[in-house]
1. Given a 1.4 Å probe, how much area per residue of the chain is accessible, in Å²?
2. Over the heavy atoms of residue 50, what accessible area does a 1.4 Å probe trace out, to the nearest 10 Å²?
3. In Å, what is the Rg of the alpha-carbon atoms in the chain, and how long is Dmax?
4. Rounded to whole Hz and in sequence order, give me ³J(HN,Hα) for segment 25-37 from the Karplus expression 6.51 cos²θ - 1.76 cosθ + 1.60, θ = phi - 60°, writing x for Gly and Pro.
5. Around residue 63, what is the net charge, scoring Lys/Arg as +1 and Asp/Glu as -1 over all other residues with Cβ under 15 Å from its Cβ?
6. Using the beta-carbon distance between residue 36 and residue 64 and R0 = 30 Å, what value does 1/(1 + (r/R0)^6) give for FRET efficiency, to the nearest 0.05?
7. On the accessible surface of the chain, probed at 1.4 Å, how many percent belong to carbon and sulfur atoms?
8. Report the longest stretch of the chain that contains none of the trypsin sites (Lys or Arg not before Pro) sitting in a DSSP loop with at most 11 other Cβ atoms within 10 Å.
Amino acid sequence: AVAGSTVELGCSTRGDPAPQVQWHKEHGDLPWGRHEVDREHTLRLYAVTSADAGTYVCTAQSQLGTAAATTFLHV
């Protein structure tokens, strides 16, 4: 990603009942005041900086268990 741009990271889940989805960053916090997660579980990071680079994890949890997916952001 280019510094200063907006990045979207998708997380597709299915289940009945629908799983609860959470995003977190390995080795750090999501950027304070510069992120949001929409109803489709897409994580948006605004005005990214080099400090935002790293591994992001989407975790889906339901009564049947937990699944996680990771992606790496380069800035």
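The values are calculated or read from the model by the stated rules, or taken from the named source; none is laboratory data. Everything quoted here is computed from the prediction, not taken from an experiment. When we count neighbours, we look across all protein chains shown, and the Cβ atoms used for this are built from the backbone with ideal geometry, even at glycine. Accessible surface is based on the protein model in full, side chains and every heavy atom, while ligands, DNA and RNA are left aside. Shrake-Rupley method; radii C 1.70, N 1.55, O 1.52, S 1.80 Å.
1. Computed with neighbouring chains in place, this is 69 Å² per residue.
2. Probe radius 1.4 Å; accessible area of residue 50 about 90 Å².
3. Here Rg and the maximum Cα pair distance are 12.8, 40 Å.
4. With coefficients 6.51, -1.76 and 1.60, one gets 9, 5, 6, x, 9, 4, x, 4, x, 10, 9, 8, 10 Hz.
5. Around residue 63, the charge tally is 0.
6. The computed FRET efficiency comes out at 0.60.
7. Exposed carbon and sulfur together represent 49 percent of the surface.
8. For trypsin sites (Lys or Arg not before Pro) (loop position, at most 11 other Cβ atoms within 10 Å), the longest site-free span of the chain is 40-75.
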